Each structure stands twice: as C-alpha cells, then as structure tokens.
Amino acid sequence: MKTQNLFVLCTLLLCTLFFPLHLTAGVTTYTFTSLKWASKVEATPCDGVSDGWISDKDASDYNAGRTYADGSLHMAGVSVKTGTSGAGATSVQSFEEVRQITFNFCQNASKGKGTINVQIGDNEPQTITIHKPAVSGTGDLNRDSVIAFDTPQTGKIKFWVNCTENAINIHSVSIRSAAGGGSAFTMDTYRLVTDVEQLEDSDQVIFGVYKEGVNYIMGYYDEFESVNNIHAISGKYASDRNTVNSDDRAIYTLRIADLNGEKAFVFMDEMRYEEAYLVASGGKTKNRLALWTDVVDEKTYGNYGFWSITIENGGEAVIANKGNSLAKIIQYNASNSPTLFSCYQDRSQTPICLYRRVEAMGDVEAIIAPMVNFGTTVKTSGSRTIEVNANRLSADITASLKQGKVFSLSSTTLDRDGDQLTISYSAEPGHYIDTLLLTSGAVQTEVTVMVHVMQPLAVAEAVRSEDHATIFLNDVWVTKKYDNYIYVRDETGSMLLFDRGNGETGKRYGADLKAGDQLSGVTGRFINYFGVPEISPSEAFNVGQNIEILPEEAGTTIDSTDVCRFMVLENAVVNSWTSLTYNGMEYAVDNKFRLPSFTKDVPTRTYVIVSYDYDVVTLYIIKQELPSALEDKLVSPQTRVVMQNGVVIVETDHGRYTLQGEKIF
C-alpha cells in the first residue's frame, strides 16, 4: 500500500551496513573454529597474522556442537584425543600483565582425562588437571576451568593439551590482561529495558520475547515474508536474557514525541527505509503490524504510528498503539507458522521486551551487572549466576546486599576485571526486593534483585484471577483432550488449558496427553475468554499417573457455573446438530470434537463438556450411550419418541416402552 519503493532502498542500504568492533581493556575471548586452532574474537575471525593463534600441533577433530535453549553449550570445541596429545597453539599477540586465563572445555559424557598446560612468555608453565566427570553423563556439557596468576605475567601465550583417556574438547580461551580486548559486555551491546525512563530519544532498540527458551527477535518489515505482520528471526540471548546480540536485521530507532500533550513513542526503521514507521494497521477487525511511510492517517487509522510503553515484571514491555486499530498490543505469536510479531486486542499471546543499545565503556572506570529478576515462581528457593563486568579498575570489587534477609551471595569479593557471582534466595510466598551493592574504590553500582514467590492455586481460586495474571495451579487431572484444548479439573472446579505450544520448538506442551493424566507444575497467563476460564501454558508441565476419570452427574439445569465441567446427562435427547433437550430445557450443541454422527430423537446417556460461548451455554458432546434397558430395543429405524397423556414413551416396531425400558401393553 505504502511501501513500493522501500525494498530497492533496503537492498542498497544493506550492502553498506557495518558495525565497528570496539575494544577496551579487560577480557579477550577467543573461540576456536577448526582443528588447526583457527579462532575468532567475538564474531570477528582472526587473521592468524596480527591476531589469533598459530598451531604448534593440530588437533584430531573439530565439533561445532550445539547450544541449548538456556544458552549452555554441548560438545563444542577442538578435540584432542589420546593419539594427539600435545596438540595446542601459541598466540600471535603478546599480552601484558595477564592475571587469569579461563578455558571453556568438555569431555564426552562419562570419560576424558588429561591436562591443559599454559605458559606465558618465559615463565614457568601452569597446569590444569582434567578428571573424569564427577557425575556420569555430564561431561559433554561445556564448562570453565581457570588458571589464576598471583603475579601478573607478560608475553605470548602458549597452551597444549595432553589427553590420557578418550578426548578433551577446547571451545574457547578468555584472557584477562592490562591490554585485553573487550568482552561482549564491554563492547556495544543491547541491554534489557527494565524501566521506561531508561529510554532516550534516538535509542536503537531490538524487540525481543519475554519468555525463557524462546530465542527469537523481531525482524524487519519485508513484503516477501509477510505484508501484514513482521517475521521472527533467531536471536542470541545471554543466559540471563539481560542482553541480546546485535543483529542488523532487527534494529529500530526509537523517537520520543509529544502527542496531544502526552509522551508517545515512535519506532523508525532508518537502517533500511530512511523514513518508515512501525504502525498498527489492522483497522477494526485484523491483527496486523506493518511498516508504512507516515504516522497519522486521519481517515482510517488515526495516530497509528504512535505508541505507549509500560514496563512490568522487571522487563515485560506492554507496547500499545494509540491509533484506531482494534488490535493495539505488540506480541509474539508462537502458534503461527512461521512465528511472527503482530498486534492483538488483548494480551493473549507471548509478551515481548525491549533491548536498547548501550555503548562501550571506553576509558570510563565502571562496574556493570544485570538486574537479577527471578520472576514469578512457586519455588521457595533458587539461585542464579550473573556476570559482573568491570572496566579499568585498580581494586577488586566488594559485593554486599542492603538487606540480606531473603537473598544471599556466593562471595563478597570479586575480581577487579569482572567475575561471576551467584545470588540465591529462600522465601515463603510473597514479593521481595533487595539491592546488590558493587564497589571498587570510588566506583559503585547498585543492582536490583527481586523475586515473586506464589502459592499454587486450586482451580476455584485460579478462575477468579484477573485477566493476564500469571498463575500456578495445584495438581489437576485431564478430563478431555482435543487438539489444543485440554479440559482439567481438581476437587474444587474445572477449567481449560488452551495449549498454544512452545514458541521455540513449535511443539504443544500437551501433545501426548490423554484423559485421566495427572498434571503438576502448570503455569501460564489466565484469561476469562467470553465466559470460559483458561490458561495458556507458558512452559512444560509434569505428567503423572493416569487414573480413570468419571463424569460428574448433571444437575436439574445447566448454566454458566458449570463451564468446562465434564458431565453426563441422563435421558438427554439430541434434536439436531445444534440443539439438545435435557429435563425439558433446550441447550445449544456444538460438534467441537468432530463426531461422525449423533444419535438423534432418542433419549441417551450423553457425555459432554460444558462451554459458555458469547453468553450462551453450549454443550460439546463427547459420546452418547443408550440406557441399558433400551439397548436391545432401540435398534429400529422406526423408533421415535412421543408424548402420551403427558408421559414420554418410546415407540418401536417391537412395541412401546417407557424410558426405563418397561414394555407398555
């Protein structure tokens, strides 16, 4: 509609885009890329002449490995086997005042022994001993081993691996030195926005997904991908999801504007299209998100290029359009294939978050660490390890908590060049917040630490929740599973789990469920969907023992209080594909479960799920059974139900019968 010239410009601009690598003192991390010890710094391949490593002895193999959803590496690195012991390399550069070297390595699942040896310049070699995995089956996960030097050493770095059993894989080496390069932290990076006041005019931002394990970000507008929505692309998040790697295809420019006296936000795609704006273009009926060349359409869409932003739960961004489109809220749709970002009327999809570009620290003395948000959980204890990054400090970092009642720290002293810190909590249900203080001389940083521990709810409590609240259920049992509809109950009530599935794998959480399965650990967002209380699960739940699920006996009447219940109706008569009579009252019927046929005009024992669609009680028929007294009599096509002297009787070619199967003479 308004984008015919955008793609030509896009093609030209993409050919000229580049991002310089900003290096500062601190940590240089080399990742190895071949059995000849070729390497890269961050995403930049080393040339082996001015930077990188020269092989002293090639290794036996190289494995690219794979990355799990939580960011952990599995079997990645240069493999040194028993037959190639002594394989290693020497750095091209000389490093000044090396204080620590970290090797990221793995073995196979249960084997692998030997040593990693390091020599800096003419100094004495240092050795790391590699033992078999302490826990069988865990050795193939990459992990770190550290050599620290009491006196900083200067010179070229040489390392070699001696393997005495199976294999040792070296994935990367990180060097702390006076002239080191910048780590991912000390380079320009994109950091999670946890407060709307952090946003500044002209910020570059990336739209992410506010859900662990979903490693997608919002791409750029492309009519070849989707004319009405914006496609998702893979994003590389830090394990704590507080940062995301830069990606040329996902960067937007944020502008702060005044709209009728109120602050509003505008998102521009300056990198590809110069003047093009993110808009909600669905009008009164559609879920749409697009990129057009203006921000206001007075006739139809109103202020459809202006947005409001609020930040919840330490990073969940609620970005709502100020125009006339009915669907206003930007969310990630995990159930669409392929997955995408679009606007929706309510918060029924996966929430998003914003990341803003943070420039390199350069010569500034600084300590920076991510906010620690354990989120909403039912676990009364837990821990999380963060990277505390530092720049140009002359004294080590002291760590403390202002309160220290709920949260605790693994250490009170951290390395002056940055270090890992584990933060733990132990708490009963409630909201808790503390402040982590990090100090080195006159340099100080404060970091927020928070957790919301919830009490699991019975169904009767859960169905009274506010829309979009995150809730956890006590154990429930499946009464009916069909497609992505999972009806569950406990001793207090019934509700629906609407299974949108895992946005990363595309698989539904309850794909293999059946009636009678016990579910524990169910969590997700609640919504009362036109009278039907439902949760969209946000993570995998546990499936326990299967038991026989019996229906509940229906009362005299059925109403909205019975919604989602699995019930049996005695002597119900299905009149048609859309109606049923029970106890003299007519109810709407929907063949939700796609039965091939109904037994009509005959009293049956009818099993149903009760729904409540747009103010109308609707019965989803699961199956029908003839009353046992009539099973051998109601077999004739001539069977019909009639009223005689105010009494319902059944006429067949065998005779006339009461509903109890007694013959009438």
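Pairs under 9 Å by beta carbon, first residue in contact (Cβ under 8 Å) with a residue 40 or more places away in the chain and within 9 Å of GLY323 (Cα to Cα) in region 284-304, partner assigned to a loop (DSSP other than H, G, I, E, B) and not small (Gly, Ala, Ser), six or more apart or different chains?
Between residues of region 284-304 that are in contact (Cβ under 8 Å) with a residue 40 or more places away in the chain and within 9 Å of GLY323 (Cα to Cα) and residues that are assigned to a loop (DSSP other than H, G, I, E, B) and not small (Gly, Ala, Ser), the close pairs are ASN303/ASN260; ASN303/VAL295; ASN303/VAL296; ASN303/LYS322; ASN303/ASN324.
Of the conditions (1) surrounded by 20 or more Cβ atoms within 10 Å (Cβ to Cβ); (2) under 45 Å from the mean Cα position of the chain (by Cα), PRO603 clears all except one; give me its number.
Just one mismatch for PRO603, condition (2).
Would you confirm, using the coordinates I've provided, whether ASP51 is within 20 Å of THR115 (Cβ to Cβ) and in the same structural domain as TYR30 (by TED's automatic domain parsing)?
Judged against the criteria, ASP51 is not a match.
Here are the criteria: (1) outside any loop (DSSP other than H, G, I, E, B); (2) surrounded by fewer than 22 Cβ atoms within 10 Å (Cβ to Cβ). Tell me which single one GLU124 does not satisfy.
(1)
Picking from ASN229, ASN242, ASN166, ASN162, which residue would you name as being under 30 Å from GLY52 (Cβ atoms), under 24 Å from the mean Cα position of the chain (by Cα) and buried (at least 16 other Cβ atoms within 10 Å of the Cβ)?
Going through ASN229, ASN242, ASN166, ASN162 in turn, the sole match is ASN242.
One line per residue, one yes/no per condition, for (1) part of a strand (DSSP E or B); (2) in contact with a Pro (Cβ under 6 Å, 6 or more places away or on another chain):
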position	(1), (2)
ASP47	no, no
SER50	no, no
TYR62	yes, no
SER79	yes, no
GLY83	no, no
GLU96	yes, no
ARG99	yes, yes
ASN117	yes, yes
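Can you run down the residue pairs with Cβ atoms below 8 Å, 6 or more apart or on separate chains, where the first is in region 400-421 and assigned by TED's automatic domain parsing to the domain that holds SER381 and the partner is of a type in the set (Phe, Trp, Tyr)?
Partner pairs satisfying both residue conditions: LEU401/PHE407; VAL406/TYR425; VAL406/TYR432; PHE407/TYR425; PHE407/TYR432; SER408/TYR425; GLY418/PHE185.
Picking from ILE423, ILE330, ILE368, which residue would you name as being under 28 Å from ILE251 (Cβ atoms), hydrophobic (A, V, I, L, M, F, W, C) and more than 19 Å from the chain's Cα centre (by Cα)?
Exactly one of ILE423, ILE330, ILE368 is under 28 Å from ILE251 (Cβ atoms), hydrophobic (A, V, I, L, M, F, W, C) and more than 19 Å from the chain's Cα centre (by Cα), namely ILE368.
Before we move on, is SER72 of a type outside the set (Val, Ile, Thr), touching a strand residue (DSSP E or B) at 6+ places or on another chain (Cβ under 9 Å) and at pLDDT 90 or above?
no
Take the conditions polar (S, T, N, Q), assigned to a strand (DSSP E or B) and modelled with pLDDT of 70 or more and apply them to SER597. Does it pass?
So SER597 does not fit the description; no.
Could you grab me the full set of residues in region 264-278 that are in contact (Cβ under 8 Å) with a residue 40 or more places away in the chain and either part of a loop (DSSP other than H, G, I, E, B) or surrounded by fewer than 16 Cβ atoms within 10 Å (Cβ to Cβ) (or both)?
ASP269, GLU274, ALA276
Residues checked against (1) outside the structural domain of GLU466 (by TED's automatic domain parsing); (2) surrounded by fewer than 20 Cβ atoms within 10 Å (Cβ to Cβ); (3) among the aliphatic types (A, V, I, L, M); (4) assigned to a loop (DSSP other than H, G, I, E, B):
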| residue | (1), (2), (3), (4) |
| --- | --- |
| ARG489 | no, yes, no, no |
| MET495 | no, no, yes, no |
| LYS507 | no, yes, no, yes |
| GLY510 | no, no, no, yes |
| LYS514 | no, yes, no, yes |
| LEU519 | no, no, yes, no |
| ASN528 | no, yes, no, no |
| ALA540 | no, yes, yes, yes |
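Within region 312-328, take every residue that is among the small types (Gly, Ala, Ser) and in contact (Cβ under 8 Å) with a residue 24 or more places away in the chain and give me the one that is nearest to ASN287 (Cα to Cα).
The extreme case among them is ALA327.
The values are calculated or read from the model by the stated rules, or taken from the named source; none is laboratory data. For clarity, every value in this text was computed on a predicted model and none was experimentally measured. Because the Cβ atoms are built from the backbone with ideal geometry, glycine has one as well, and the counts that use them run over all protein chains shown.
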